[in-house]
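The values are calculated or read from the model by the stated rules, or taken from the named source; none is laboratory data. Here the structure is a predicted model, which means the values were calculated and not measured. Cβ atoms come from the backbone with ideal geometry, glycine included; neighbour counts cover every protein chain shown. Just the protein is used for accessible areas: all its heavy atoms, side chains included, with ligands, DNA and RNA removed. Shrake-Rupley method; radii C 1.70, N 1.55, O 1.52, S 1.80 Å.
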Amino acid sequence: DNTALHNDIQPQHPEFSSMIGFLQHCVQHYKQALQGEIEAISVLYPTGGSESLAKVVADTAEHTHHRVYGLLLNKILTNFAEKNTGRTIRVLEIGGGNGILTNWIRPFLQCDNVEYWFTDLGRSLVVDAEKKFSDCTNMHFACYDANLAPQEQGFQPHSFDIVIELDAVHATENIAHTMSQVRNLLKPNGLIYLLESTQTERWTNMVYGLAAGWWYFTDSIRTDCPLLNVDQWHKVLTGSGYQNVTTLPSDDTP
């Protein structure tokens, strides 16, 4: 009985109460979702928006190094902007979602020589981000599908100095094709920073597995989950033409 398990675990880990509660919410709707009685995605987004998931993240104890790497990226980007004050630096964020990464690098967004493009596949998320970051006058907002050629979506080849993302590009059909498309957006000597989870945790599949996009992958690199480990990422990036590929950490530390 998953209810009994839920009632046993939740008091032991109150700092994860919100996450455990949402996991229970997902499990309770598996039957309806799998039998087609309801749309599976509606379990993740019961109000039609991302408010429920955003609240789960906000109410759950920090348990990954994502924020650390996000703040480190802010320093890297800010230093880059300060060293290139004589020109405009064009930055593209792919799969911006709820603006988590964007918020971590907000100090960088204040640099006068930065032109920042926030993109996501979902139009509603782009609209929400435009409201959330209305004080950042050098930001632009657009929809972008990493599965498709950038030119088909109004993005010119070799037009960005830097591309960044947080747990987004893995949710595509063919990761090698995706990364080749992204590389086509970079100027010569351009930079890409990927903040990607590299470990598959059971609760992640149990929650995000309700989203059709979680299972979009069709390449032979991945079999049970869209996430790639460090070695797989290194192989994909070098095989897609990227040079000087560095991973931090060098293994799959969570």
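Observations, loosely collected:
- Only one of the listed residues (Y30, Y45) is among the aromatic types (F, W, Y) and modelled with pLDDT under 90. That residue is Y45.
- Long-range neighbours under 8 Å by Cβ, at least six apart or interchain, first residue farther than 16 Å from A168 by Cβ within segment 212-241, second assigned to a loop (DSSP other than H, G, I, E, B) and open to solvent by 70 Å² or more (accessible area, probe 1.4 Å): T218/E173; D219/E173; D224/T200; N229/Q199; V230/S250; V230/D251
- Considering segment 114-148, the residues that are open to solvent by 20 Å² or more (accessible area, probe 1.4 Å) and more than 19 Å from the chain's Cα centre (by Cα) include one that is farthest from V91 (Cα to Cα), namely K131.
- Odd one out for S220, checked against (1) under 30 Å from H6 (Cα atoms); (2) over 17 Å from the mean Cα position of the chain (by Cα); (3) of a type in the set (G, A, S): (1)
- Restricting attention to segment 193-203, the residues that are over 14 Å from the mean Cα position of the chain (by Cα) and either assigned to a helix (DSSP H, G or I) or closer than 13 Å to I162 by Cβ (or both) add up to 2.
- Qualifying positions in segment 213-254 - open to solvent by 70 Å² or more (accessible area, probe 1.4 Å), within 30 Å of I20 (Cβ to Cβ) and in a helix (DSSP H, G or I): W215
- T60 meets all of the listed conditions (1) at pLDDT 95 or above; (2) open to solvent by less than 30 Å² (accessible area, probe 1.4 Å) but one, namely (1).
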